[in-house]
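Reviewing the structure listed below.
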Amino acid sequence: MLDLGRLRALHAVSVHGSVAAAAIALGYTPSAVSQQITKLERETRTTLLERQGRGVALTDEARHLAATAQELLAIVERAETTLEERRGRPTGRLTIGAFASAARGLLPGVLAELGREHPGLDARMTEVDPHLSIDLVARGMIDVAVAHDWDIAPLPAPEGVEQAVIGDDLCDLLVPGENALAGRTSVRREELAGERWICQPPGTVCHDWLVRTLRAAGCEPDLAHRAEEYHTQIALVAEGLGIAMIPRLGRGALPTGVRAVSLDPVPMRRLYALWRTGAARRPAITATVEALQRHWMDTARASA
């Protein structure tokens, strides 16, 4: 009989593309995942992973087995959901995937509350790209995703995945104190021509939103500096190296010499919680979504 834990390890490698990434998702060490795959190879008398450069690739047999593993894991999830529903209280392990600023600005309070209110629930968080997280939910690798979208890129919710709005995260224009815009209460987008910008790298939703929005207002943005982390962007603004558009969630207090100015109209991104339809009856899902929405209201009031 095939071991479900070993099938889960193979499925994780299939979803994440490497042993190391699968280990992070499962909360194991890479060597532990490798050992699970090796034991599964012995059980099935089949080669499942092949060396490919510095990494590994799944064999055809492994891909078929991983697809079957996904079906089995879905059946197990339904059974666990039924048991938890009958108990009427959140129990078991629940994995939450959140993008960086939500992981920093929202999840600590949510996780702490879930731990206090539901001692039988083992809630765990991993930081993940918001658009990758949706696929991870659909594939059963995480239970709840906290993701966001902008008006230029609506969040896709594939079949079998449900979602609820958490709230709207407003964005401010951050400028150095000596910038001519620093004394303003609000600025229209058409007035930003000629400014040097600090933004995220190309290919990210935030970068694409900035470029499209400014071009629509008749401004060709001068993208002087690119950085993934918002805190890095803020540090560059503090040195007078440009201006940036930064969401409020997870931003924290601004350093001396940086001013927040409202942009007219105010940009915002919408935050969502997503989970699999098959797990929708889990009390743990309901409790987590409610905690996210409740803490978002507190966070939004504080940031305002």
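The values are calculated or read from the model by the stated rules, or taken from the named source; none is laboratory data. These figures come from a predicted structure and were not determined experimentally. Cβ: placed from backbone, ideal geometry, glycine included. Neighbour counts: every protein chain shown. Heavy atoms of the whole protein, side chains included, go into the accessibility calculation; ligands, DNA and RNA do not. Shrake-Rupley method; radii C 1.70, N 1.55, O 1.52, S 1.80 Å.
Points to keep in mind about this one:
- Top-ranked residue of the stretch 260-282 - restricted to ones that are surrounded by fewer than 18 Cβ atoms within 10 Å (Cβ to Cβ) and either in contact with a helix residue (DSSP H, G or I) (Cβ under 8 Å, 6 or more places away or on another chain) or assigned to a loop (DSSP other than H, G, I, E, B) (or both), ranked as modelled with the lowest pLDDT: 278
- Residue in the stretch 58-72 that is modelled with pLDDT under 90, closer than 23 Å to residue 286 by Cα and part of a helix (DSSP H, G or I) present: no
- For the stretch 156-169, the criterion of being over 30 Å from the mean Cα position of the chain (by Cα) and either over 22 Å from residue 289 (Cβ atoms) or surrounded by 17 or more Cβ atoms within 10 Å (Cβ to Cβ) (or both) is met by none of the residues.
- Members of the stretch 234-251 found to be within 26 Å of the chain's Cα centre (by Cα) and touching a residue at least 40 places away in the same chain (Cβ under 8 Å), listed by number: 234, 237, 243, 244, 245, 246, 247, 248, 249, 250, 251
- Only one of 110, 137 that is under 28 Å from residue 67 (Cβ atoms) and of a type in the set (A, V, I, L, M): 137
- Check on residue 7, part of a helix (DSSP H, G or I), over 25 Å from residue 132 (Cα atoms) and in contact with a Leu (Cβ under 7 Å, 6 or more places away or on another chain): no
- Neighbours by Cβ (under 8 Å, 6+ apart or cross-chain): first from the stretch 261-273, among the β-branched types (Val, Ile, Thr); second in a strand (DSSP E or B) and open to solvent by 30 Å² or more (accessible area, probe 1.4 Å): 261/186; 266/170
- Those residues of the stretch 114-147 which are open to solvent by 70 Å² or more (accessible area, probe 1.4 Å) and touching a strand residue (DSSP E or B) at 6+ places or on another chain (Cβ under 7 Å), in sequence order: 124, 125, 127
- Here residue 95 fulfils each of the conditions (1) open to solvent by 40 Å² or more (accessible area, probe 1.4 Å); (2) among the hydroxyl-bearing types (Ser, Thr, Tyr); (3) at pLDDT 85 or above apart from (1).
- Selection within the stretch 127-147: residues that are outside any helix (DSSP H, G or I) and under 8 Å from the mean Cα position of the chain (by Cα). The member of this set that is nearest to residue 265 (Cα to Cα) is 147.
- Within the stretch 98-113, being in contact with a Leu (Cβ under 9 Å, 6 or more places away or on another chain) and open to solvent by 20 Å² or more (accessible area, probe 1.4 Å) holds for 104, 105.
- Tallying residues that are surrounded by 16 or more Cβ atoms within 10 Å (Cβ to Cβ) and without any contact (Cβ under 8 Å) to a residue 24 or more places away in the chain within the stretch 206-230 yields 2.
- Single condition residue 203 does not satisfy, out of (1) open to solvent by 30 Å² or more (accessible area, probe 1.4 Å); (2) free of Cβ contacts under 8 Å to residues at least 24 places away in the same chain; (3) closer than 25 Å to residue 151 by Cβ; (4) part of a helix (DSSP H, G or I): (4)
- Hits in the stretch 10-51 - residues which are among the acidic types (Asp, Glu) and either part of a helix (DSSP H, G or I) or in contact (Cβ under 8 Å) with a residue 40 or more places away in the chain (or both): 41, 43
- Filter pass, residue 40 being open to solvent by less than 40 Å² (accessible area, probe 1.4 Å) and either of a type in the set (Lys, Arg) or touching a strand residue (DSSP E or B) at 6+ places or on another chain (Cβ under 9 Å) (or both): no
- Residue in the stretch 248-259 that is open to solvent by less than 10 Å² (accessible area, probe 1.4 Å), in a helix (DSSP H, G or I) and not small (Gly, Ala, Ser) present: no
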